[in-house]
Amino acid sequence: MRVLSLIPALVVSLVWSALAIDTAMADRRVAFVVGNGAYKNVAQLPNPPVDASAMAVTLRNVGFDVVEGTNLNREQMTEKLLEFGRRSQGADVAVFYYAGHGIAISGTNYLLPIDADIKSEMDAKLGAAINVDVTLEQTLADAKVKLVFLDACRDNPFAAKIRSTASTRSVSVQTGLAEMKSGEGTLIAFATGPGQTALDGEAGTNSPFTRALIAHITKPGVEIQQAMTSVRAQVNEETAKGQLPWGHTNLIGAVYLNPAAGGATTAAAPAIVAAVQPANDVELEFWRSVKDSNKAEELKAYLTNYPNGQFRSLALARVASLENGPSTTTRNLTTGVDPATFTEQGTQITEDQIGLDKGLRRDVQRRLTGLGFDTKTTGKFDEPTRAVLKRWQAARGYPSSGYLTKLQHKALLAEIVPAAATASANEERPARRAQRSSGGGGGYHRSGPDAGAAFIGGVMGGMLGGAFRR
């Protein structure tokens, strides 16, 4: 009888949910999302591919058709732009997102494919780089609302070459990107101000700008310009006022990427009258869509959207397993661990308080290797060891600073290390160990199965399945 009494309420809930999803997705939304990091002729950037993958998942979850790519050469970028231009014709909302190297020459901004080799202004003008003004004009012209996010305000890696070849006339090669004005119905946002450089963030994570974008632009019921105010505040605080995002807007109406009850989807779209899913249900479906993924960036997208989410520890463990191989620990790692271990941030001071001499540092390195986090047993906590400590901390849900606290050190000593791993730790040849360690960080590849598609399907499937299981 209890099941029968729930059916009318369930049917109403399903109808309202379906209406909310159908209405939110009624407007046509397309996005271009590219992150370039594996550059061939200049310094590589570890984070843009991760940034792009996380942004693609975020946009798909609110109904965007995403043209996505990572580490694209000139030809591949052109193909993606042509595809995006075709899809964006007549779109209600079009988003252009790029993370990677960008340069400004004589007031014109260019985006760099991974095979770019810019020796002069002429190289950029003749097609070795992507002219931002021309690209936006050609791909976004027919869209009703245009949102442009450029996480490319880094140092110009070709500045010295360009200046050295500009012997016949003055060529302005500036730091960061040049100021741009937005046309009607357009919002343009840079990671930092004109002529300034932006931070890339810790390797393997999102940049401060992209992390803030993902956290705010798809919040339910938050208008995009309000969201960008929150983005600026978060980046400014996170970087200790070292970076302040800049933008220019010429929107002529309110734009919501994730409308709440009674809000408008965009300036050109009809009002939505049905309630959207509660936040906890949205998080649950997001997690269901990525929990079995073999792509670390999709799990990181969950962590970015829900940094204190219900499944944070599981996501961290899955990411560590994918990037470093499965842990060989054979017991519940959190049993008997002081709760403060999960909140106290390690620093050089907290580590010095432990009193680790060279022998004790070797013991830490042996234990990390035995637990599947390979590192050399040198007795020195150099940069590679710090990176391994960060991975171990992230896998355990501790603050990942790369420095130990007394509680973290105690927890590490309490972990069971398989005898075979401990015995072989010193016997393994350094060359082989280094080879294994080099694979720990993993490469960044284009996202495989669409986690965002599973999100929408999972909402209905999960609710129906749960009802009939009762």
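Setting aside same-chain residues fewer than 8 positions from Lys146, which lysines have a Cα under 21 Å from its Cα?
Hits, sequence-local ones excluded: Lys80, Lys181, Lys219.
Please give, to one decimal in nm, the separation of the simple spin-label points placed at Ser230 and Asp142, each 7 Å out from Cα toward the Cβ.
It works out to 3.4 nm between the two label points.
Leaving out ligands, DNA and RNA but keeping every protein chain, what accessible area does Ser230 have, in Å² rounded to the nearest 10, with a 1.4 Å probe?
It works out to around 40 Å².
For Gly247, which sequence-distant residues (separation of 5 or more, or a different chain) have an amide H within less than 5 Å of its own amide H, given hydrogens modelled in the peptide plane?
Excluding prolines and chain starts, which carry no amide H, the hits are Phe190.
In terms of solvent-accessible area of protein heavy atoms at a 1.4 angstrom probe, what is the ranking of Lys241, Lys380, highest value first? All intermediate terms of the calculation are to be shown ahead of the outcome.
Details: Lys241 170, Lys380 130 Å².
I get Lys241, Lys380, largest accessible area first.
Which order do Asp363, Asp27 take by accessible area at a 1.4 Å probe, largest first? It would help to have the intermediate numbers written out before the result.
On the way: Asp363 50, Asp27 10 Å².
Highest to lowest solvent-accessible surface, that is Asp363, Asp27.
Return the sequence-ordered ³J(HN,Hα) values of segment 38-52 in whole Hz as given by the Karplus equation 6.51 cos²θ - 1.76 cosθ + 1.60 applied to θ = phi - 60°, using x for Gly and Pro.
8, 6, 8, 10, 9, 4, 7, 10, x, 8, x, x, 5, 4, 5
Answer with one residue from Ala99, Gly63, Met77: the one whose Cα lies farthest towards the positive end of the charge dipole of segment 54-156, charges on Cβ with Lys, Arg +1 and Asp, Glu -1.
Gly63
Leaving out ligands, DNA and RNA, what percent of the accessible area of segment 44-137 is carbon and sulfur, probe 1.4 Å? Write down the numbers at each step before the final one.
On the way: 1370 of 2870 Å².
It is 48 percent, rounded to a whole number.
Expressed in nm to one decimal, what extension gain is obtained for the pair Glu202 and Glu184 from 0.36 nm per residue of sequence separation less their Cα-Cα distance? Before the final figure, lay out each step's value.
Values: separation 18, 0.36 × 18 = 6.48 nm, distance 3.63 nm.
Contour length minus the Cα-Cα distance gives 2.9 nm.
Taking amide H positions as placed in the peptide plane 1.01 Å from N, state which residues far from Phe149 in sequence (5 or more) or on other chains have amide H under 5 Å from it.
Sorted by chain and number, the residues that satisfy this are Phe96, Tyr97, Tyr98, Ala189.
Provide the per-residue ³J(HN,Hα) series for segment 228-233, in order, calculated from phi with Karplus coefficients 6.51, -1.76, 1.60 and θ = phi - 60°, each as a whole number of Hz, with x at glycine and proline positions.
5, 4, 5, 4, 4, 5
When all protein chains stay in place, what accessible area (Å², nearest 10, 1.4 Å probe) is found for Tyr256?
50 Å²
The values are calculated or read from the model by the stated rules, or taken from the named source; none is laboratory data. This is a predicted model, so every value here is computed, not measured. Virtual Cβ from ideal backbone geometry, glycine too; neighbours counted across all protein chains shown. Note: accessible area is taken over every heavy atom of the protein model, side chains too, but ligands, DNA and RNA are not part of it. Shrake-Rupley method; radii C 1.70, N 1.55, O 1.52, S 1.80 Å.
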